[in-house]
Amino acid sequence: PPTKKSRLSKGVNMYACQNCTPLHHFNSRLTDALEILEQHAFFRLDQNAESRALAFRRGSATLKACPHKITSVDSLKNLPYIDTSNSSKAGHCKKVITEILEEGFSDEVEDIVNSDFYKTMKLFCGIWGVGPSTAKKWFDSGHRHLNDIKNLKLNKDQTVGLEYYEDLNTPVSKDEALCVSEIVKTVCMEIKKDLLVTLVGGFRRGKPAGHDVDLLISHPTQGEEKHVLPKVMEKLKDNFLYTDKKMSSGTTHPQYTGKSSTMDQFEKCFSIFKLDLPKSTKNGNEKPWKAIRVDLIVVPTDQYPFALLGWTGTKHFEREIRRYTKTEKKVVLTSHGMYTTDTKQSIEAKTEEEIFKKLDLEFRPPSERCC
Ligand code: 8DG
Ligand code: MN
Ligand code: MN
């Protein structure tokens, strides 16, 4: 029989990309709390904000990968990023989990959720184009409501973000995502019949709803994807409320692109789509369309498996697979490709499966990357 120790820590590895993390898991009461702490750490923007936020996310990812419900402090034993003797950050996760297991709630988490600061930061960060530093600046100036910032100096993204605030903060359903995807597919077919449109992001992981629609556009013949995006945008111009096109920098070789961030060099368009809604049965003055955030990313076929992996997420999964790859394999992985850190040798792959295999990782389908 397994020893107590091995049984307790069974199946949860150090790197989240090594674990099976399904969408529905057993510990959401605990992970919700840790993720509030993660977000709060991020909002505070103080010195160690990022590493504090990361520590909570890692603890949360561990609990999501636990194949059972945690009901006692004893069963936290040996869990990575929660029960480690030499880390005060893990200690913080454990303290909060212990409180919730023993008291049913955590004072610290309750205080945060009810604080003016957290509520206001959430409100302002819900505006497309507004990040924690802008939100905090507004908070520190005494602003608390969306109305307060209508007359402030806003950039383009923020202006439309505010204009469509309600729609953009209403979750996008899977049906709506498929609708957008079909519309984009149809115009792509008119441009070149072999263009491939792939729904990625949360929906590829099996989420029933999301905050946007992420679509990769590629072509089986290398080079045929060039000049496609402007044509797609032209054909869809009546479907867009707003577009922000990002040019490809041209230097897509992983060796020359951003090292650790999720930013990549693909030609892409961050947009707000105007999706016509089916005639509602309830009558009223509701507008017959919904504003939806859509990301279109154009990917050359030789980089497709890497882009697919990079855009399927979660953000934490991506961060973890890159950390694993760099630390354990001495390989840099990006959405464009991968190469060895020492010899700068590029490593090819035709599928996601092949990428995992070449990195000595057990393959995780998208539905198991929900960390
Ligand atoms: P959601 O929309 O349902 O809320 O969740 P999601 O689909 O997982 O989140 P997302 O913010 O739409 O991001 C999807 C993935 O795309 C995520 O793993 C990170 C990645 N991603 C960006 N921006 C960029 C970028 O500029 N470059 C690259 N390579 N990846 C990006 O979000
Ligand atoms: Mn998304
Ligand atoms: Mn997105």
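Every read-out reported here was derived from the displayed coordinates using simple, explicitly stated rules and does not represent laboratory data. Fair warning: this is a prediction, and the values are worked out from it, not measured in the lab. Methodologically, a virtual Cβ is constructed for each residue, glycine included, from the backbone with ideal geometry; neighbour enumeration extends over all protein chains shown.
The table below gives the values:
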item: Cα gyration tensor shape for the stretch 195-255, rounded if a/c is under 1.5, else prolate or oblate; result: oblate
item: Charge dipole magnitude, Cβ of K and R +1, D and E -1 - the stretch 4-112, Cα centre, debye nearest 20; result: 780
item: Size of the stretch 126-254 as Cα extents on the principal axes (Å, biggest first); result: 55, 34, 32
item: Kirkwood Rh in Å, taken over the stretch 1-154 so that all alpha-carbon pairs contribute; result: 16.9
item: Debye intensity ratio in log₁₀ form over the Cα atoms of the stretch 71-171, taken at each q of 0.11, 0.13 Å⁻¹; result: -0.53, -0.65
item: Only Lys, Arg (+1) and Asp, Glu (-1) charged, at Cβ; the stretch 313-368 dipole about Cα centre in debye; result: 280
item: Equivalent ellipsoid semi-axes - Cα gyration tensor, the stretch 7-85, angstrom; result: 22, 13, 12
item: Proximal aspartates and glutamates relative to Lys231, as straight alpha-carbon distance under 19 Å, when same-chain residues fewer than 8 apart are discounted; result: Glu182, Glu190, Asp194, Asp214, Asp244, Glu267, Asp295
item: Entries of Lys64/Lys357; Lys119/Lys287; Lys69/Lys315; Lys136/Lys357; Lys89/Lys330; Lys245/Lys350 with Cα pairs more than 32 Å apart; result: Lys136/Lys357
item: Separation in nanometres of the label points that stand 7 Å from Cα toward Cβ, at Asn78 and Lys174; result: 3.7
item: At q = 0.10, 0.15, 0.21 Å⁻¹, base-10 log of I(q)/I(0) for the stretch 172-310 (Debye sum, equal scatterers on each alpha carbon); result: -0.35, -0.75, -1.38
item: Fully extended contour minus Cα-Cα distance, from Glu353 to Ser28, at 0.36 nm per residue; result: 114.1 nm
item: Ascending count of other beta-carbon atoms within 10 Å, so fewest first, for Val298, Val197; result: Val197, Val298
item: Computed [θ] at 222 nm, helices only, for the chain once each DSSP H run of length n ≥ 4 contributes -39500 (n - 2.57); result: -12500 deg cm²/dmol
item: Å³ per residue enclosed by the Cα convex hull of the stretch 313-368; result: 75
item: Among Leu195, Thr170, Ser181 - extreme Cα towards positive end, dipole of the stretch 99-206, charges at beta-carbon; result: Leu195
item: Intensity falloff of the chain expressed as log10 I(q)/I(0), Debye formula with alpha-carbon point scatterers, at q = 0.08, 0.11, 0.12, 0.13 Å⁻¹; result: -0.47, -0.90, -1.06, -1.22
item: Counting all C-alpha pairs of the stretch 115-163, share separated by more than 13 Å (%); result: 49
item: Cα centre as origin, Lys/Arg/Asp/Glu Cβ charges: the chain dipole, Debye; result: 500
